[in-house]
Amino acid sequence: MAEDQILTGAQMLVESLERVGVEVVFGIPGGAILPAYDPLFDSKLVRHILVRHEQGAGHAAEGYAIATGRVGVCMATSGPGATNLVTALADAYMDSVPIVAITGQVASAAIGTDAFQEADIRGITMPVTKHSFLVTEPDGIPTAIAAAFRIAGTGRPGPVLVDIAKDALAATGTFVWPGSVDLPGYHPVTKPHAKQLRSAVGLIGEARRPVLYVGGGVIKAHAADGLAELVKNTGIPVVTTLMARGALPKSNPLNFGMPGMHGTVAAVGALQRSDLLIALGTRFDDRVTGKLSSFAPGAKVIHADIDPAEISKNRVADVPIVGDLKPVLDELNELLRGADLPDFTPWVDYLSGLRQKYTLGIEPTKEDMLSPEYVIKRIGEKAGSDAIFVTGVGQHQMWSAHLLPFERPGRWMTSGGAGTMGYCVPAAMGAQVGAPDSLVWGIDGDGCFQMTNQELVTCALEGIPVKIAVINNQSLGMVRQWQTLFYGERYSNTDLKSLRVPDFPKLAEAMGCVGLRAETVDEVDTVIDQAMAVTDRPVVVEFVVHKDAMVWPMVAAGTSNDDIKIARDLAPAWDEEEL
Ligand SMILES: Cc1ncc(C[n+]2csc(CCOP(=O)(O)OP(=O)(O)O)c2C)c(N)n1
């Protein structure tokens, strides 16, 4: 389309979305956004996927963004449509996922009058968006869209809201596409400071027990290759947080697994006994640090992150490095290539000993019921490391984080920061849209699944053949686990009674999916094979599992990582003298 044409604001919106390269929008129309849906109907470039709940649109945009490395897009009308997006925006904000949410707003003259379906969505979402715009003139739409995509996808990625008044969509103006987007005050620092990098190398040279504490930022920065090289160059052990599973292959002997509340003994021990944390794209989250005052007490800290606000937020950094992790790692590798580093072998041997000693065995059944860990492990083994895995939140999420085959970055999607139940099904839908040729397995809890499973209708009708495993322990398992451990086994309101209500396979069939169920060990592989043979429809597989399985190891909330338990009332022996 030629520049300087007279268009409606709605046409400008669609033209702008096409210009920034949007392929797909997940959304639901309504009064205030309706003008935008009219030209969208004609777009040859932008596919609109009509979801069943706006929260689903938001998580789908997240799944799409993670699967493709692009900015995901969701759209909703004003008021309740927009407020239904809030959870997904908060989720994307906590996990630094680049999405743009476009919402219709009541006509500009009615803003502030409690008009029908009016909600101050900018105000509501201000704490959970990287930035937001309220557009009240058609001419403001192209600039807002260009800026929103730039902000969402650069620096530390995150969600951006563009709220557009209905009259701005309906009115006409001259379409002018901004050649460059001028954003005063927005200049993410990407190039790390050379002096800081040299200081980091100095600290590494003095360390005896260093650990690479790797967060999701490494994956966001597409810096996994640089990390692999750093590990190879230095022999420094690695722990990868929940968001960083896949940043280094799980099979790498220097990968000691996930730290944190449900981390491995080796990973938690590595952090606690370290004398140097090299923290990369991670934020010292309380789920990793446990009681902060006793976290890694003997360690100096090198902290590299693209967001300066993260540095020294929870733990003071001795060497702060602000920058994009790709150049950070490339330049560190350059400085460390051929460097004469201390021998870290005793330290690595100590951690390898912990890993060997505290690897948890997995039994297929417990009291004749399937064990959830066994089911999840089998799904991972049969799907393979090229599959994309998406989870809900709870016990099944933690078992997945331990047991799936993480060999590549960008194949793992989970709600880490917000811990949003209901994330799995819609995020898997978005991932499958972004990666149509990939095998996408969602691993969900029976509680989580009941929050957003209606998006399987969307999947069935739109030809999005995700596979969802419902790990049915008939309870809100993670909460039940806390009740077992900390509330004297008083199971207040965690029993979902979901043995046959809902009947998950029948519910799946009703939504246009294939529905399967496994209750015995023999059935597990059979139903996984059957599910993988279906390529034209979504599949839901219910695995009926034991409800008393617990996630171990565990650091109780608010306690020190030193008090990690490997089973109820059972602490690891640290064998300090071996260090
Ligand atoms: C939206 C939302 N509500 C409540 C919670 C609190 N919560 C965390 S885990 C959990 C239980 C999840 O149950 P289920 O989906 O069955 O998974 P399981 O733990 O049994 O594997 C709850 C209620 C949450 N994280 N998110």
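What the table shows:
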item: Which numbered condition ALA428 fails, given (1) part of a helix (DSSP H, G or I); (2) within 14 Å of the ligand (Cβ to nearest atom); (3) touching a Phe, Trp or Tyr at 6+ places or on another chain (Cβ under 9 Å); result: (2)
item: Set GLY488, GLY515, GLY477: member being open to solvent by less than 70 Å² (accessible area, probe 1.4 Å), in contact with a Pro (Cβ under 7 Å, 6 or more places away or on another chain) and more than 18 Å from PRO364 (Cα to Cα); result: GLY515
item: Residue match in the range 136-149 (condition: within 26 Å of GLY63 (Cβ to Cβ), in a loop (DSSP other than H, G, I, E, B) and touching a helix residue (DSSP H, G or I) at 6+ places or on another chain (Cβ under 7 Å)); result: no
item: Out of VAL433, VAL393, sole residue that is touching a residue at least 12 places away in the same chain (Cβ under 8 Å), within 21 Å of LEU85 (Cβ to Cβ), away from the ligand (no atom under 13 Å from the Cβ) and open to solvent by 10 Å² or more (accessible area, probe 1.4 Å); result: VAL433
item: Residue among SER251, SER293 that is open to solvent by 10 Å² or more (accessible area, probe 1.4 Å), hydroxyl-bearing (Ser, Thr, Tyr) and either within 27 Å of ALA571 (Cβ to Cβ) or outside any loop (DSSP other than H, G, I, E, B) (or both); result: SER293
item: Checking THR535 against (1) closer than 17 Å to ALA383 by Cα; (2) surrounded by 17 or more Cβ atoms within 10 Å (Cβ to Cβ); (3) among the hydroxyl-bearing types (Ser, Thr, Tyr), the condition it does not meet; result: (2)
item: Every residue from the range 370-390 that is open to solvent by less than 10 Å² (accessible area, probe 1.4 Å), away from the ligand (no atom under 15 Å from the Cβ) and of a type in the set (A, V, I, L, M); result: ALA387, ILE388
item: Close pairs from the range 348-361: first touching a residue at least 12 places away in the same chain (Cβ under 8 Å) and basic (Lys, Arg), partner surrounded by 13 or more Cβ atoms within 10 Å (Cβ to Cβ) and not in a loop (DSSP other than H, G, I, E, B), Cβ under 8 Å, at least 6 apart; result: ARG355/VAL265; ARG355/ALA266; LYS357/VAL265
item: Subset tally (residues that are open to solvent by 10 Å² or more (accessible area, probe 1.4 Å) and touching a strand residue (DSSP E or B) at 6+ places or on another chain (Cβ under 9 Å)) for the range 231-240; result: 1
item: Residue selected from the range 398-425 under the condition without any contact (Cβ under 8 Å) to a residue 60 or more places away in the chain and within 8 Å of the ligand (Cβ to nearest atom), by the criterion surrounded by the most Cβ atoms within 10 Å (Cβ to Cβ); result: MET421
item: Segments classed as helices (runs of 4 or more DSSP H), wholly inside the range 448-561, with at least 2 members that are in contact (Cβ under 8 Å) with a residue 60 or more places away in the chain and under 25 Å from the mean Cα position of the chain (by Cα); result: 455-462, 477-486, 521-533
item: Positions within the range 84-107 being within 16 Å of the ligand (Cβ to nearest atom) and either surrounded by fewer than 24 Cβ atoms within 10 Å (Cβ to Cβ) or over 16 Å from LEU134 (Cβ atoms) (or both), in sequence order; result: ASN84, VAL86, THR87, ALA88, ALA90, ASP91, ALA92, TYR93, MET94, ASP95
item: Subset of the range 314-339 (residues that are over 20 Å from ASP275 (Cα atoms), of a type outside the set (Val, Ile, Thr), outside any helix (DSSP H, G or I) and modelled with pLDDT of 95 or more); result: GLY323, ASP324
item: Extreme residue, surrounded by the most Cβ atoms within 10 Å (Cβ to Cβ), among residues of the range 491-512 that are more than 28 Å from THR458 (Cα to Cα) and in contact with a Lys or Arg (Cβ under 7 Å, 6 or more places away or on another chain); result: THR494
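For every residue, the table says whether it meets (1) within 16 Å of the ligand (Cβ to nearest atom); (2) in contact with a helix residue (DSSP H, G or I) (Cβ under 6 Å, 6 or more places away or on another chain); (3) not basic (Lys, Arg).
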| site | (1), (2), (3) |
| --- | --- |
| GLY447 | yes, no, yes |
| GLU462 | no, no, yes |
| GLY477 | yes, yes, yes |
| LYS506 | no, no, no |
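The values are calculated or read from the model by the stated rules, or taken from the named source; none is laboratory data. Predicted model only: the values in this text are computed from it and were never measured. Virtual Cβ from ideal backbone geometry, glycine too; neighbours counted across all protein chains shown. Keep in mind that these areas ignore ligands, DNA and RNA; they rest on the heavy atoms of the full protein, side chains included. Shrake-Rupley method; radii C 1.70, N 1.55, O 1.52, S 1.80 Å.
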